[in-house]
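Step one of this worksheet: look at the structure below.
The values are calculated or read from the model by the stated rules, or taken from the named source; none is laboratory data. Nothing here was measured: the structure is a model prediction, and the numbers come from that model. Positions of Cβ are generated from backbone atoms using ideal geometry, with glycine treated the same way; all protein chains shown enter the neighbour counts.
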Amino acid sequence: MFQALRHSVLTWLGVFGGALTLLSNLQGILDLAKWANWLTVKWSEFATPVVSELIGLFGIRVTSSATAMIAMAIFVSAIAIGARIENEFRQNVYEEWPIRWSNIINKRVLLAFVLYVSEVILVVLAFSTPMIASIAIRFPYAFILLGFAMYCGAIVVGLRGWPLWCSLVVAICMVVFSYIFGYSVRSPELADVSETASVVVASAFAVTCGLIVVVVAPPLAFTKRVIFMVVGVLLVIALSELSQLGLTATL
């Protein structure tokens with residue numbers, strides 16, 4: 001029992017950290033109950049300074065949305081590494097997925113990298129180039145769908161050798177996460193770099209996270225833990241809605 005828990009610590013850290021990070025960024029999208037708001041505020045007060053200090057080691061301070069994206073990349077990486085540790089020590093559920101350079105040094109991962117970088121460049125140009133910005137403003141939904149399609153395509157292509165359903169589930173989850181981080185209400189900015197630079201820094205962490213997943217994460221184990229994280233978020237949202245309905249009915 002103790003051995004199993006010890007091997008699962010990193011996984012649970014990633015799952016709970018990722019779930020709370022998502023909930024913290026849902027405050028501006030959903031009307032959460034008071035207890036859920038308290039939970040997310042306390043988590044933000046703890047996690048945001050820690051991640052900010054980590055980024056500060058590079059001598060910069062990025063925007064709050066970029067900080068949230070970087071935090072998520074760290075927690076997803078923790079899930080990937082934790083799933084690998086569990087896979088190595090739990091022989092009854094062992095999943096054959098060896099760590100090797102060919103997992104990342106191949107044409108599909110290169111194509112995925114090109115797709116992702118192209119999507120990041122598109123976003124950066126929308127912030128910095130008047131012509132691209134005007135196109136994005138004129139056709140916002142088409143621009144957003146194009147960006148998400150490129151992002152989703154990069155993930156599916158990059159997860160070489162994974163079962164298709166696993167790569168699709170992971171891709172859809174990551175697209176939803178990006179939407180949440182992009183449209184959440186932001187706290188007052190304390191960044192000392194531009195929005196464009198913040199996007200580039202967050203994207204660098206996302207690429208690093210993606211490479212960690214591709215190299216070390218057993219596909220089935222990783223996908224199940226991402227699903228578990230999403231289910232946890234949905235459960236908290238459901239409990240929040242139920243508590244608010246109960247409060248309304250009492251009043």
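Considered as a group, the residues in the range 186-209 that are of a type in the set (A, V, I, L, M, F, W, C) and at pLDDT below 85 include one that is surrounded by the most Cβ atoms within 10 Å (Cβ to Cβ), and that residue is V199. Looking at this structure, is L125 over 30 Å from V216 (Cβ atoms) and surrounded by 12 or more Cβ atoms within 10 Å (Cβ to Cβ)? Considered against the rule, which asks whether it is over 30 Å from V216 (Cβ atoms) and surrounded by 12 or more Cβ atoms within 10 Å (Cβ to Cβ), L125 comes out as yes.
Out of S44, S102, S77, one residue alone is exposed (fewer than 15 other Cβ atoms within 10 Å of the Cβ), in a helix (DSSP H, G or I) and among the polar types (S, T, N, Q). It is S102.
From the list L115, L20, L110, which residue is without any contact (Cβ under 8 Å) to a residue 60 or more places away in the chain, loosely packed, with under 15 Cβ neighbours inside 10 Å and in a helix (DSSP H, G or I)?
Details: L115 fails: loosely packed, with under 15 Cβ neighbours inside 10 Å; L20 fails: loosely packed, with under 15 Cβ neighbours inside 10 Å.
Selected residue: L110, the only one of L115, L20, L110 that is without any contact (Cβ under 8 Å) to a residue 60 or more places away in the chain, loosely packed, with under 15 Cβ neighbours inside 10 Å and in a helix (DSSP H, G or I).
Between T208, T196, the distinction of being polar (S, T, N, Q) and within 13 Å of the chain's Cα centre (by Cα) belongs to T208 only.
Give G210, G161 a once-over and let me know the one that is small (G, A, S) and closer than 19 Å to V117 by Cβ.
Values: G161 fails: closer than 19 Å to V117 by Cβ.
On inspection, the qualifying residue turns out to be G210.
Filtered by the rule that a residue be hydroxyl-bearing (S, T, Y) and part of a helix (DSSP H, G or I), the range 50-74 gives S52, S64, S65, T67. Residues of the range 19-40 include at least one that is modelled with pLDDT of 85 or more, polar (S, T, N, Q) and over 15 Å from the mean Cα position of the chain (by Cα). Taken together, the criteria exclude I135 from residues that are among the hydrophobic types (A, V, I, L, M, F, W, C), part of a helix (DSSP H, G or I) and modelled with pLDDT of 90 or more.
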